[in-house]
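No lab work stands behind these numbers, since they all come straight from the coordinates. Since we're looking at a predicted model, the values are computed, not measured. Note that we place each Cβ from the backbone using ideal geometry, even for glycine, and neighbour counts take in every protein chain shown.
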Amino acid sequence: MSPSPSSLSRRTFLTATGAVGAAALTACSDLTPGASSSEKSSSGPVSTAIPADEKITLVVADADDTTMTPGLIAAFREKHPNITVKRNYTGWDDYLKSINTTMSADSAPDIAQFTSGMQNLVPGRLLLKVGEYGKAYGWAEKFPGLDQITLTPDGKTVGTGDLYGVGAGLSFEGVYYNKAKAQKLGLTVPPATLDELEALFAKAKAAGETALVAGNLDGGLNHAFNVLLSAYLTPKDREAWAYGHQSATIVLPEAEKAAETLKRWVDKGYVTPKVNGVSDNDATAAFAKGEGVFRISGNWAAAAVAEGLGEGAGYFNMPPVTSGGKVRTTGAGVYYCVSSKSKNAAAVAAFLDFTAGAEAAAITAKAGFMAPDAGAMPSQSGLLGDVQQGWQTVVKDAGLQPFIQNSSSPTMGDTLTTQLQLLAGGKATAGKFLAGLQTDFENYHK
Amino acid sequence: MTSPTLTTRAVTGRLAAPVVLALFMAAVLIPFASLLLAALQPAGAPLTGFALPDGLHFENFSRAWSAAGFGTLLRSSVVIALCVVPAAVVCATLAGYALATLDVPGRGRLYAYLLLGLSIPAEGTIIPLYYDLRAIGLTNTVPGLALAEIAAFMPFGVFWMRAHFSTMPRSLMEAARLDGASSWVTLWRILLPNSRPAVTTLGVLYFVWSWNQFLLPLILIQDPARRTAPAGLGFFTGQFGVDVPLLAAATLIVIAPVVLVYLFFQRHFISGVLSGALKG
Amino acid sequence: MTTADRLTGPAPAPGAQSRVERGAGGTARKHPRPARSGRRRRRAVALLYLLPALLPYTLFAVLPLLHTAYLSLFDWDGVTLPSFVGLDNYGRIVTDPQLRAAAWHAGALILFFSVLPICLGLVSAAIVSRRAGRRGTTLVRTVLFLPQVIPLVAVGILWRWVYAEDGTLNQALRAIGLGGLTDAWLGSFTWALPAVGLIGSWVVSGLCMVLFLSGTQRIDPEIYEAARMDGAGPVREFTAITVPLLRPEFAVALSITVIAALSSFDLIYITTGGGPGNSTVVPGILIYRLAFGGGAVGVASALAIVLTVVISIAVLVINRLSREAP
């Protein structure tokens, strides 16, 4: 076809685009958005006094679908009648998508639940350094796990730098089991070592049961892999990598052992068949309905498991590699951080401090989380009581370690899911799997 | 090709059509049926696939309604749709008319320029769009979201209306012109009355798209209470769990208005015969 | 030549003017009276018709796109101040092995988002239009369009149940004695891509049908009557009359569905998230991960620009071919 002035030729197309482009580039002034360094992010001199006669409104943005955050807010309001707290709840997925833009808006909420991906808010100076408040209130003694919300100024490394919030409710991983089936199959629980756990899996499998109920459609095998890493890897190596320390590596013999163990579990048929096609949520649901014998998951699953299996639900901590070793597991929690745009930092700090108290502990425990003040949690019976007891051991052994995908790199969650699916689908060896994770790590920390 | 006898052909023809249609309809309806059944299960029940509920738990609907605050969400969805649909349909109609029938300078270029918008992946440009709207103070507002949607929908509308106006017989327009009618009169008095199916179809499509728009409201509106209906679905997908029956009930709440609008307009949507003027 | 030939051609080439163009250009020749100023005025008025569309589109679609293009030259996380890196981001995406897989998947999705829906849409439109007036036609039309009105989030949730291990599809296979074929479809390295592709077909087919139906209304019923008098059966009627006369709608449907295939994101995000492994990763998923994973809005912008250019070229080619086809 011969070119013609009015036809939609590629040339026309490009000219049109180019012309508008040039015009627009010269016209638009705000082309490189981003927080400027002039915004304040430290609080200056602080005290623990809360203005009592002033009407204050705080906005809390969170993705906590339990009763914890609303419960804490209600209790705090009762204590401080002059403070109104508005809660902006968003579902987890939507929260992850929108929180960074929400925090960079002028109308940013005062308090936000800290999630993976929000590290960039630190160099953007959109989060308030709360270290001074921490000193004034003595948070170091009140809250375990504060290193998970301590970040370097570039936001790339966790565990060192400034404090940006507190963890009000903590969670950790362990092993649930079906008591009735364990009894029927003659399985002795709890196992003292990882090898013993695997022997139990083998026995369950031989009896025709699914030994380990799991779902990896959305990467749920990360629960098992994280706790295996906790058991095998030294805490130092684990933290260095999970917290994004420069030149850290996960290509280590111990990590390979963890990955090989997981792969062996899949290959030997211990894990739910076609695990890549089952969602993590469906796996919990299936286990609660009585399918399989064991399930590695967090305390957030306790309520659903208890409701489904009732008295037949049991729990034990992930066993160490060698008998008598310290218990190490993986966990995180609901962390609250503060917007640097908040006009009521003193009231916000009071709320953060409130979450460490005994009154808060009851609310937190009721929602299924571990309270910062473990001693103040009302004792519970049944499965929830077993989980709570497990938590005491974890705290005693200082065995709570960060998830490897939360702070190592912003894209690690997706990468870990992809790599676990390749590993479980027989498309990657343990070595290739770890190399895949390391590549993502190095792309970010170069 | 061997030609079958008239009767066998007629019989197969008569039978093939209903069978094929029935299959298509089943393929569409079965997932919906499982959605409906899921919505009637006891709240929090784990389920997959096609399962009959034990008892009919209609209370899921009221629980989903109040949990996600659908009252406000639906209202803002309606407001957005009322801003977007009429404005976008009018703009697209005018532009499609001009591009199809008028002597527009640089017609090819302008059309290409408008079509470019069909190719924009929203998930890639939404963060710059957010900062652009923030710079002019339009984030967290109805006009900001409405303008973003109108802009995003415009290329398809122009594409659609231009294609439609191009199919209208020239004789109609020429007759009008000879009668001394201006381009404006030709459009409103002669072309539009014969364009109801095309315009209605576009309007319904715009309404559906605006209603189902998810990423734009999520990023451009920061206050969750002011987002639109699909945002309510996120309430039932937590970090560690999904409440399937409530999610199914919420889904039905969100889609009900769209389905109603579609059912109401579908008569005009692809309505029967063209008027005599068009046949000529 | 029929009017249909020209419908989707954005503008005619000289010497091959459609009736539409002859009308528009011919007026001046028929009436030499209006001088240059009259023509200029008419052209200015014509531009006024375009203005309401061009204004919001330019401000809120094109400018953000250009802004994206500009930001693709920066290393930017979406929050802090960007730093200029030139074309590095583009270099990074062309060397990314994931992108090759993503491009391949997007191409494969055209089969499910375009080819299959257009075939199904044509067939159902042909049947429905022949049955016009009979009972049940409205019902069929209404039902087949339903998937189009559901938010994609809900579609994804629906189909996760259909494809689950104990889902509707496996239940159906077991019921008809094909239990051996069951699989966890979305978790299978072999089946995940066709599985999400079929969801796309499910969604898009109704739109195609409506497009074709609104096209069949344009076709003069007398043509069918004449054909029937000549003894044409439904199949011949379909291939000899309906299909050729629906060429414009065909090009519209092809453009829209190819765009849907190449820029697919929501459905895949909700059903598989790109997995298992990388087996359903498409460019939209990569853009999303880069932009919203919190890391690399600059790289995401570069990929978005590349995708925009590729889709534009595809639309261009479709329009070109639909004009050149016999």
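Counting lysine pairs in region A:146-233 whose alpha carbons fall under 27 angstrom apart, excluding pairs fewer than 8 residues apart on the same chain, gives 6.
Toward the positive end of the charge dipole of the protein assembly as shown, with +1 on the Cβ of Lys and Arg and -1 on the Cβ of Asp and Glu, the farthest Cα among A:Pro123, A:Leu383, C:Phe238 is that of C:Phe238.
Just the Cα atoms of chain C, one point each, no solvent: what log10 I(q)/I(0) does Debye give at q = 0.10, 0.11, 0.12 Å⁻¹? Each listed q maps to, in turn, -0.80, -0.93, -1.05. What does DSSP give for the protein assembly as shown in terms of the percent of beta bridges that are antiparallel, rounded to the nearest 5? In the protein assembly as shown, approximately 65 percent of DSSP beta bridges are antiparallel ones. Mean separation of Cα pairs under 8 Å and 6 or more residues apart, divided by the residue count, gives region C:207-326 a relative contact order of 22 percent.
Take the convex hull of the alpha carbons in the protein assembly as shown; its mean projected area over all directions comes to 44.4 nm².
For region A:387-402, backbone phi angles converted through the Karplus equation (6.51, -1.76, 1.60; θ = phi - 60°) give residue-by-residue couplings of 4, 4, 5, x, 4, 4, 5, 4, 5, 4, 7, 6, x, 7, 10, x Hz, Gly and Pro being listed as x. In the structure displayed, which of A:Lys86/A:Lys129; A:Lys263/A:Lys446; A:Lys142/A:Lys432 lie more than 32 Å apart, Cα to Cα? Those over the limit are A:Lys142/A:Lys432.
Think of the protein assembly as shown as having a plus end and a minus end, set by charges on the Cβ of Lys, Arg, Asp and Glu; of A:Pro81, B:Ser182, A:Gly298, B:Ser182 sits farthest toward the positive end of this dipole.
Ranked by the mean number of other Cβ atoms within 10 Å per residue, highest first, peptides B:31-38, C:192-199 order as C:192-199, B:31-38.
By definition, a body whose alpha carbon gyration tensor gives a ≥ b ≥ c is oblate when a/c is 1.5 or more and a/b is not larger than b/c, and chain A fits this oblate description.
Our summary gives chain A a relative contact order of 23 percent, counting only alpha carbon pairs under 8 angstrom and 6 or more residues apart. For A:Lys289, a cut-off of 17 angstrom between C-alpha atoms picks up these aspartates and glutamates, skipping any fewer than 8 places away in its own chain: A:Glu209, A:Asp280, A:Glu307, A:Glu311, B:Asp54, B:Asp243, C:Glu165, C:Asp166. Each of C:Thr137, B:Thr101 was scored by other Cβ atoms within 10 Å of its Cβ. Listed from fewest to most, they are C:Thr137, B:Thr101. Taken as entire DSSP H runs, the helices of chain C that both span 20 Å or more between Cα atoms along their own long axis and average 1.0 or more on the Kyte-Doolittle scale are C:116-130, C:192-216, C:247-262, C:297-324. The packing ranking of peptides B:256-263, B:112-119, A:343-350, highest mean first, is B:112-119, A:343-350, B:256-263, where packing means the average number of other beta carbon atoms within 10 angstrom of each residue. Computed about the Cα centre, the dipole magnitude for the protein assembly as shown is approximately 4760 debye when only Lys and Arg (+1) and Asp and Glu (-1) carry charge, each at its Cβ. Amide H contacts for C:Phe74 (H built 1.01 Å from N in the peptide plane; partners 5 or more residues away or on another chain; cut-off under 5 Å): C:Val85.
For region B:132-147, the Karplus equation 6.51 cos²θ - 1.76 cosθ + 1.60, evaluated at θ = phi - 60°, returns couplings of 4, 5, 5, 4, 9, x, 9, 6, 6, 10, 5, x, x, 5, 4, 5 Hz by residue, with Gly and Pro reported as x.
A DSSP coil position with no more than 11 other Cβ atoms inside 10 Å describes none of the trypsin sites (Lys or Arg not before Pro) in region A:72-165. Stretching the chain fully between B:Ala256 and B:Val19 yields a gain of 82.5 nm (0.36 nm per residue, less the alpha carbon separation).
Per residue, the average separation of C-alpha pairs within less than 8 Å and at least 6 apart gives chain B a relative contact order of 31 percent.
Listed by chain and number, the aspartates and glutamates placed with their C-alpha closer than 18 angstrom to that of A:Lys236 are A:Asp147, A:Glu254, A:Glu256, A:Asp397; residues fewer than eight positions away on the same chain are left out.
Computed from the Cα positions only, the extents of chain B along the three principal axes stand at 70, 69, 32 Å, in decreasing order. With the highest mean first, a sort of the peptides B:54-63, A:228-237, A:288-297, A:202-211 on other beta-carbon atoms found within 10 angstrom per residue produces A:288-297, A:228-237, A:202-211, B:54-63. The aspartates and glutamates whose alpha-carbon is closer than 18 Å to the alpha-carbon of A:Lys79, local same-chain residues fewer than 8 away aside, are A:Asp53, A:Glu54, A:Asp353, A:Glu359. Projecting the Cα positions of A:Thr32, A:Leu163, A:Val46 onto the charge dipole of chain A (unit charges on Cβ atoms of Lys, Arg, Asp and Glu, taken about the Cα centre) puts A:Thr32 furthest along the positive direction.
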